[in-house]
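Structure record follows, encoded as structure tokens.
What follows is calculated from the coordinates using simple rules that are stated; it is not laboratory data. All of these numbers come straight from a predicted model, not from anything done at the bench. Note: ideal-geometry Cβ built from the backbone for every residue, glycine included; neighbour counts use all protein chains shown.
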Amino acid sequence: MAIGINIITNGPCMELTKDMFELIFPQGLFEWFELTDGRSDEQQVYFTLTEKDLPPISNADLKIVARKFHDVTMTDCPLRGKRTRLTFRRRDWKLEGQAEYLKRDIPLCFPGIQREQAFAAFLQAPSRD
């Protein structure tokens, strides 16, 4: 299934498929998110992934009365020498009769990243005695 995203480079436009993106992004990401935008300029590549409208409720009788988004943007590994910026559009749902919004607990720091950050901090420490 093709995702309708075109990456514009200095040359012709290139259409990428979901299979190609699954090679780049962490496994399981497309279970919860859809790629909704992608573009690049001379220095950066930008991707926007929007959380699917799958409320984390088990009771089908509860009515959703409001939805809202909040964006989380992070820098990822470079692609072809360009900085990669990922924006995750996270969803929140409000149920009828409840004051708080619900959100799905999806970790955006994937396995292995936390250890890499700790190791990088160790290497940058002024003294390792």
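With θ taken as phi - 60° and the Karplus curve 6.51 cos²θ - 1.76 cosθ + 1.60 applied, the whole-hertz 3J(HN,Hα) list for the stretch 44-50 is 9, 10, 10, 10, 10, 10, 9 Hz, x standing for glycine and proline. Taking amide H positions as modeled 1.01 Å from N, with prolines and chain starts lacking one, the residues under 5 Å from L95 and 5 or more places away or on another chain are V65, L102. When we measure straight from the Cα of K103, which aspartates and glutamates land under 12 angstrom away, once same-chain ones fewer than 8 places off are left out? Cross-link targets: E51, D53, D92.
Per-residue 3J(HN,Hα) values for the stretch 62-69, derived from phi via the Karplus relation 6.51 cos²θ - 1.76 cosθ + 1.60 with θ = phi - 60°, read 6, 9, 7, 10, 7, 9, 8, 10 Hz in sequence order (x marks Gly and Pro).
Annotation note: GluC sites (Glu not before Pro) in the stretch 29-96 located in DSSP loop regions with a Cβ neighbour count of at most 12 within 10 Å are E42, E96. The amide H of T84, built 1.01 Å from its N in the peptide plane, has V45, D76, L79 as neighbours under 5 Å, considering only residues 5 or more places off or on other chains.
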